[in-house]
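Structure, as structure tokens:
The values are calculated or read from the model by the stated rules, or taken from the named source; none is laboratory data. Just so you know, these numbers come straight off a predicted model, no measurement behind them. Here the Cβ positions follow ideal geometry from the backbone for every residue, glycine too, while neighbour counts run over all protein chains shown.
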Amino acid sequence: MEQQQLSHRLASDSDLDDLKLLMDAAIAENQKPFLTAEQISSSRAIMGLDSQLVADGTYFVVEIDGVLVGCGGWSRRATLYGGDRTPGRDAALLDPARDPARIRAMYTHPNFTRRGIGRLIMALCEAAAHKEGFREIELMATLSGEPLYRTCGYRAIERVEDARGGASVPLIRMRRPLEA
């Protein structure tokens, strides 16, 4: 099988509808081996599109032949995870000297998993955060994302359950230093 070329760019407002569709498909399908139907439904309330990332210019899309296959970003803001509708968001800016940057809203379309999309997005985010002076980076992983993040050098620092969407969804807070 021929290796298809991944291309990437920063997301724009014109991508928002397509991003929502990709995220919905990823939440619905990629978590099936890890969560119950009730937990997947609950995930929709605590995950999803954070349009602040697009506005901040820190959110990437990955395409193959012009087709959106993945997305993810990083943030210099305090919110660790969640979408536009998630309660408890905090847009305060982080201090790179003392706070870790955030990896945010990582999704791969279910038809394109295990093709290097997640690793590409992680590398782009880590390089951008490092360039802005951040020394550490952290994220809140789903069970389906945890293997990728461990492979990328992240370690679990806290396991939590988020039941704001109805059913309790297990999540893992993970962190790693950024290379000097």
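Within the set 94, 120, 143, 124, the sole residue that is farther than 16 Å from residue 23 by Cβ and over 16 Å from the mean Cα position of the chain (by Cα) turns out to be 94. Among the residues making up segment 103-137, those that are in a strand (DSSP E or B) and in contact with a Phe, Trp or Tyr (Cβ under 8 Å, 6 or more places away or on another chain) are 103, 104, 105, 137. When residue 4 is tested against (1) in a helix (DSSP H, G or I); (2) modelled with pLDDT under 95, just one condition goes unmet, and that condition is (1).
Going by the structure shown, is residue 28 surrounded by 15 or more Cβ atoms within 10 Å (Cβ to Cβ), part of a helix (DSSP H, G or I) and not hydroxyl-bearing (Ser, Thr, Tyr)? Against the criterion (surrounded by 15 or more Cβ atoms within 10 Å (Cβ to Cβ), part of a helix (DSSP H, G or I) and not hydroxyl-bearing (Ser, Thr, Tyr)), residue 28 qualifies.
Residues of segment 91-102 that are surrounded by 10 or more Cβ atoms within 10 Å (Cβ to Cβ), charged (D, E, K, R) and in a loop (DSSP other than H, G, I, E, B): 95, 99. If you go through segment 138-160 and pick out every residue that is closer than 18 Å to residue 100 by Cα, part of a helix (DSSP H, G or I) and either of a type in the set (Ser, Thr, Tyr) or in contact with a strand residue (DSSP E or B) (Cβ under 6 Å, 6 or more places away or on another chain) (or both), you end up with 1.
If you go through segment 161-175 and keep only what is assigned to a strand (DSSP E or B), in contact with a Pro (Cβ under 9 Å, 6 or more places away or on another chain) and surrounded by 12 or more Cβ atoms within 10 Å (Cβ to Cβ), you end up with 162, 175.
Looking across segment 110-131, the residues that are surrounded by 14 or more Cβ atoms within 10 Å (Cβ to Cβ) and either of a type in the set (Phe, Trp, Tyr) or under 14 Å from residue 154 (Cβ atoms) (or both) come down to 112, 118, 121, 122, 125, 126, 129. One residue stands out in segment 69-82 among those that are touching a residue at least 60 places away in the same chain (Cβ under 8 Å) and not hydrophobic (A, V, I, L, M, F, W, C): the one that is surrounded by the fewest Cβ atoms within 10 Å (Cβ to Cβ), namely 81.
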